[in-house]
């Protein structure tokens with residue numbers, strides 16, 4: 001049996017070359033994670049074993065009583081949002097690794113980081129990029145990965161055929177649980193989790209539940225978040241964002257003047273950050289952009305977060321122990337981590353509970369060989 005006929009896909013570069021190209025291109029983007037060739041191989045091994053293997057041996061890997069190999073769903077259409085370049089580049093990298101042809105529908109404002117990253121790749125691996133979606137891209141895609149609002153996800157889901165695979169990453173909410181005594185390291189970590197990516201990622205915490213002195217925690221969080229923002233001021237806010245942030249501040253400052261337990265800390269003269277202590281247990285509407293709520297730990301925590309359970313992504317914990325992890329899982333977490341690591345998922349994480357590489361391939365079972 002000819003190995004090339006089994007393992008080479010549409011003239012794509014060999015797996016080892018794709019891995020090397022990704023590792024090289026990602027070297028100047030530390031926020032993408034530790035994308036060394038060794039770590040990428042470990043990631044592939046965890047999700048796909050030897051099923052993505054190319055070249056030797058000439059036969060596909062054994063799988064139970066038959067043989068099996070993984071072939072990329074190709075082309076892949078990646079529909080990405082303008083919140084952060086992080087998700088867009090992660091999605092592209094996954095498509096490159098499995099061997100797919102990649103097309104990226106960019107947001108209206110573009111994503112310079114995606115353009116720059118693409119130019120670092122060999123021409124054979126560069127994605128097609130467009131701000132305006134070519135209808136043929138959606139029609140021809142074997143897989144469509146969508147990042148954005150639930151409305152955007154719904155729009156694309158209505159366009160696709162049952163034979164096309166949709167990987168939808170819609171609206172998500174992340175938060176933290178401070179279940180015990182804490183030190184400055186925990187407060188620093190909580191502030192960093194809010195600060196990174198301007199709080200616009202799906203892993204960015206929108207609120208913290210705190211057992212014990214929640215107002216004291218909020219005060220310390222405000223101090224540390226303010227220090228971070230002095231060192232890294234927010235980018236210029238557009239009119240609509242600025243209006244939403246001002247509206248949020250004014251609402252909560254009015255409530256602070258009339259409701260016991262409501263306290264607001266804010267950046268002076270800027271819209272860089274705001275910390276709001278809210279004694280209510282229900283999650284509040286959050287305009288993001290470094291707007292963080294701190295709440296007392298509810299006695300009925302599962303009931304308090306039940307309305308947002310389908311949207312829960314990451315729950316940050318302090319401390320991390322068997323009891324706290326079990327609680328986070330019961331609440332509906334897709335990812336559980338230590339406070340301070342909410343924005344740093346490992347390369348091998350399962351985005352929204354799915355395998356990130358295995359979701360982009362089809363499995364070919366081969367019987368009767370040998």
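See the values below:
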{"read-out": "Residue 314 being within 18 Å of residue 83 (Cα to Cα) and either in contact (Cβ under 8 Å) with a residue 60 or more places away in the chain or in a helix (DSSP H, G or I) (or both)", "value": "yes"}
{"read-out": "Residue 217 assigned by TED's automatic domain parsing to the domain that holds residue 311, touching a helix residue (DSSP H, G or I) at 6+ places or on another chain (Cβ under 8 Å), modelled with pLDDT of 95 or more and not in a strand (DSSP E or B)", "value": "yes"}
{"read-out": "Residue count for the range 251-285, restricted to those that are within 13 Å of residue 296 (Cβ to Cβ) and exposed (fewer than 13 other Cβ atoms within 10 Å of the Cβ)", "value": "1"}
{"read-out": "Filter result for the condition that a residue is in contact with a helix residue (DSSP H, G or I) (Cβ under 8 Å, 6 or more places away or on another chain) and more than 26 Å from residue 258 (Cβ to Cβ), over 369, 297, 342", "value": "342"}
{"read-out": "Selected residue [farther than 18 Å from residue 209 by Cβ, in contact with a helix residue (DSSP H, G or I) (Cβ under 8 Å, 6 or more places away or on another chain) and either part of a loop (DSSP other than H, G, I, E, B) or touching a residue at least 60 places away in the same chain (Cβ under 8 Å) (or both)] from 283, 233, 287", "value": "287"}
{"read-out": "Selection count where residues are closer than 14 Å to residue 180 by Cα, out of contact with any strand residue (DSSP E or B) (no Cβ under 6 Å at 6 or more places or on another chain) and surrounded by 14 or more Cβ atoms within 10 Å (Cβ to Cβ), scope the range 299-326", "value": "1"}
{"read-out": "Set 248, 202: member being assigned by TED's automatic domain parsing to the domain that holds residue 318 and part of a helix (DSSP H, G or I)", "value": "248"}
{"read-out": "Residue in the range 49-60 that is closer than 20 Å to residue 13 by Cβ and part of a helix (DSSP H, G or I) present", "value": "no"}
{"read-out": "Qualifying residue in the range 317-328 (condition: assigned by TED's automatic domain parsing to the domain that holds residue 74 and either within 14 Å of the chain's Cα centre (by Cα) or under 22 Å from residue 197 (Cβ atoms) (or both))", "value": "no"}
{"read-out": "Answer residue from the range 200-214, given it is closer than 17 Å to residue 286 by Cα and touching a strand residue (DSSP E or B) at 6+ places or on another chain (Cβ under 7 Å) and is modelled with the lowest pLDDT among those", "value": "202"}
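Each row is one residue, and each column tells you yes or no for (1) touching a strand residue (DSSP E or B) at 6+ places or on another chain (Cβ under 7 Å); (2) assigned to a helix (DSSP H, G or I); (3) surrounded by 22 or more Cβ atoms within 10 Å (Cβ to Cβ).
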{"residue": "95", "(1), (2), (3)": "yes, yes, yes"}
{"residue": "100", "(1), (2), (3)": "yes, no, yes"}
{"residue": "104", "(1), (2), (3)": "yes, no, yes"}
{"residue": "108", "(1), (2), (3)": "no, no, no"}
{"residue": "145", "(1), (2), (3)": "yes, no, yes"}
{"residue": "168", "(1), (2), (3)": "yes, no, no"}
{"residue": "174", "(1), (2), (3)": "yes, no, yes"}
{"residue": "185", "(1), (2), (3)": "no, yes, no"}
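The values are calculated or read from the model by the stated rules, or taken from the named source; none is laboratory data. What you see is a predicted model, and the numbers here were worked out from it, not measured in a lab. With ideal geometry, Cβ positions are generated from the backbone for all residues, glycine too; neighbour counts draw on all protein chains shown.
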